[in-house]
1. Cβ-Cβ distance below 7 Å, separation of 6 or more or different chains: which pairs start in region 7-19 with a residue that is of a type in the set (D, E, K, R) and surrounded by 12 or more Cβ atoms within 10 Å (Cβ to Cβ) and end on one that is in a helix (DSSP H, G or I) and at pLDDT 85 or above?
2. Here are A24, A33: which of them is surrounded by 14 or more Cβ atoms within 10 Å (Cβ to Cβ), touching an Asp or Glu at 6+ places or on another chain (Cβ under 7 Å) and not aromatic (F, W, Y)?
3. Would region 57-64 turn up any residue that is loosely packed, with under 12 Cβ neighbours inside 10 Å and without any contact (Cβ under 8 Å) to a residue 12 or more places away in the chain?
4. Taking interchain pairs and intrachain pairs at least six residues apart, which have beta carbon atoms under 8 angstrom, with the first residue in region 33-54 and of a type in the set (F, W, Y) and the second modelled with pLDDT under 95?
5. Kindly indicate whether N48 is modelled with pLDDT of 85 or more, among the polar types (S, T, N, Q), under 12 Å from the mean Cα position of the chain (by Cα) and surrounded by 11 or more Cβ atoms within 10 Å (Cβ to Cβ).
6. Could you count how many residues in region 34-56 are under 14 Å from V67 (Cα atoms) and not in a helix (DSSP H, G or I)?
Amino acid sequence: MTCSDLSDWYLKVLKQYADFTGRARRTEYWMFALFNIIFASVAMILDNVLGIAVQSVGYGPLYGLYVLALFILGLAVAVRRLHDVGKSG
């Protein structure tokens, strides 16, 4: 599996932003989770490097915006994954 294949799975999830119908294969779900962890970590690091992180919690506005932007997306892919394994979302 090449890097291009991995990013294609993430882009597929992004294209189905608020689509709660259909199915998400195992690879699609886990590649989304992997990229989500990587990008969230980068956002936290940038918050700290730029000095805009709230010291009591360890992250700042970049991480917060990232989480808000991907909240619905994460719910949608989780529901589609449940549909793929035969559960109702």
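1. Within 7 Å, the pairs are K12/E28; D19/A76.
2. Result of the check over A24, A33: A24.
3. Checked against the condition, which is being loosely packed, with under 12 Cβ neighbours inside 10 Å and without any contact (Cβ under 8 Å) to a residue 12 or more places away in the chain, region 57-64 yields at least one hit.
4. As it stands, the answer is F35/L6; F35/S7; F35/Y10, since those pairs meet every condition given.
5. no
6. 0
The values are calculated or read from the model by the stated rules, or taken from the named source; none is laboratory data. As the structure is a computational prediction, the values presented were derived from the model and not from experiment. Every residue, glycine as well, gets a Cβ built from its backbone with ideal geometry; the counts of neighbours run over all protein chains shown.
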